[in-house]
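Heads up: the structure comes next, in structure tokens.
The values are calculated or read from the model by the stated rules, or taken from the named source; none is laboratory data. The structure displayed is predicted, hence computed values, not measured ones. Glycine also receives a Cβ, built like all others from the backbone with ideal geometry; neighbour counts cover every protein chain displayed.
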Amino acid sequence: MYENVAILAAVVLLYSAIAGRVGRSWLSGPILFTGAGLALGPAGLGVLQLPLTAADLKALAEISLAMVLFTDAAHADLGVVRRIVGLPERLLLIGLPLTILLGCVAGLLLFPDLGVLEVALLATLLAPTDAALGAPVVTSDAVPSATREALNLESGLNDGICVPVVIVLLDLALGTEIQGSTMQHIITVIVEEIGIGLLAGLALTSAAVAALRLASRLGWTSKHWLHIPVVALAGLCFTTAQALGGSGFIACFVGGLLFGYLERDRRSDLLGGAASTGEVLALVTWVAFGGPVLGRLLGQVTLPIFIYALLSLTVIRMAPVFISLLGTGMSIADKLFIGWFGPRGLASIVFAVIVFDAGLPGRSVLAVTTDLTVLLSVVAHGLTANPLVTALRRRQPA
């Protein structure tokens, strides 16, 4: 155990020393940490042996995503969000369903041995996006603020929206006994997942901000603990919503939005700890993904799986986004830009673990396809983020 922890600590220490330089290069943290997992894990030198179960990986990815969602939402510019009302809705209400539908069509053609529900699950597993994999795109001023905030909101909300879809499809695929009609079950799951998530995020964040303000007025706070409350609040939002049967991802994102609004004057001072914690946890997750996960599954890649992964990152994502943005007045280049930056990341890994553990007949194909798509996304979106941002900056008038 100590050897594994020492290796992980050394990798994090080394990266922390060069993170600024990496951030300005063609590389990214997820690329380097996934590469470290592959190089040091079972598929490489074999010096890093992480005895993670599927449940361990799921828990690590979930809490990492919870922190990232909360802090990303808290940093959102709500002034821009109000001005672009309609753009995120187009991506979520038109682009997301079309992405799942097109993913189903491609899956039926490439995987004839899978059932319709299994193909639908695969399409849904790969529908959520992970803005963190193309971080420069949602942080650089060279990217129009409307594009940045739309991609950030889309990434923050589509995880939670896809949760009830995955649950319903999995129940139907497994033949789980449900009460009432299928439609009633679908509506119940959607209302519970999204509704409980919304209420938990809003209620807990409101109470936490009120308590922190009172403690600050009374002089009970300490500067040494300044960054801790947001870390705890993000974890509380996620775990409470999950425990109550809701979506922890929705809870974290709406909680983060509310926190950023209520504490907009000092959010930079308060969010540092949660942002750093989320980033470190996410990077450790990428080491685990590159080590034991890819080491076991990449040998099972077939041509249909490879083709589907490529399509998922291109046509299956970009065509629906292009269609959803028709009539907005955006240029073709801007539509393609938004379509391209739909990275697949932590949410897809979490969903894949849930489906794999359920024991579906086609679970291996679903897991390998999801993992390969995420791997290609880590590389492709990581390598292209800074160059495309630089190209945008050059296009801007002096």
So which of VAL209, VAL231, VAL165 is farther than 26 Å from ARG317 by Cα and touching a residue at least 60 places away in the same chain (Cβ under 8 Å)?
VAL231
Find all pairs meeting these conditions: Cβ atoms under 9 angstrom apart; at least six residues apart or on different chains; first residue within the range 238-257 and under 19 Å from HIS75 (Cα atoms); second residue polar (S, T, N, Q) and outside any helix (DSSP H, G or I).
none
Scanning the range 271-304 for residues that are hydrophobic (A, V, I, L, M, F, W, C), crowded, with 22+ Cβ neighbours inside 10 Å and more than 13 Å from ASP72 (Cα to Cα) gives ALA282, LEU283, TRP286, VAL287, ALA288, PHE289, VAL293, LEU294
Please enumerate the residues belonging to the range 162-189 that are within 23 Å of ASP357 (Cα to Cα), of a type in the set (A, V, I, L, M) and surrounded by fewer than 17 Cβ atoms within 10 Å (Cβ to Cβ).
LEU174, ILE178
Scan the range 32-52 and tell me whether some residue there is more than 22 Å from the chain's Cα centre (by Cα), surrounded by fewer than 18 Cβ atoms within 10 Å (Cβ to Cβ) and either in a helix (DSSP H, G or I) or among the hydroxyl-bearing types (Ser, Thr, Tyr) (or both).
yes
Might you let me know whether the range 261-279 holds any residue that is of a type in the set (Gly, Ala, Ser), under 17 Å from VAL374 (Cβ atoms) and in contact (Cβ under 8 Å) with a residue 40 or more places away in the chain?
no
Any idea which of VAL119, VAL80, VAL138 is over 29 Å from ASP371 (Cβ atoms), touching a helix residue (DSSP H, G or I) at 6+ places or on another chain (Cβ under 8 Å) and of a type in the set (Val, Ile, Thr)?
VAL80
Qualifying residue in the range 273-280 (condition: over 20 Å from the mean Cα position of the chain (by Cα) and in a helix (DSSP H, G or I)):
no
Which one is surrounded by the most Cβ atoms within 10 Å (Cβ to Cβ) among residues in the range 327-336 that are modelled with pLDDT of 90 or more and closer than 23 Å to PRO128 by Cβ?
LYS335
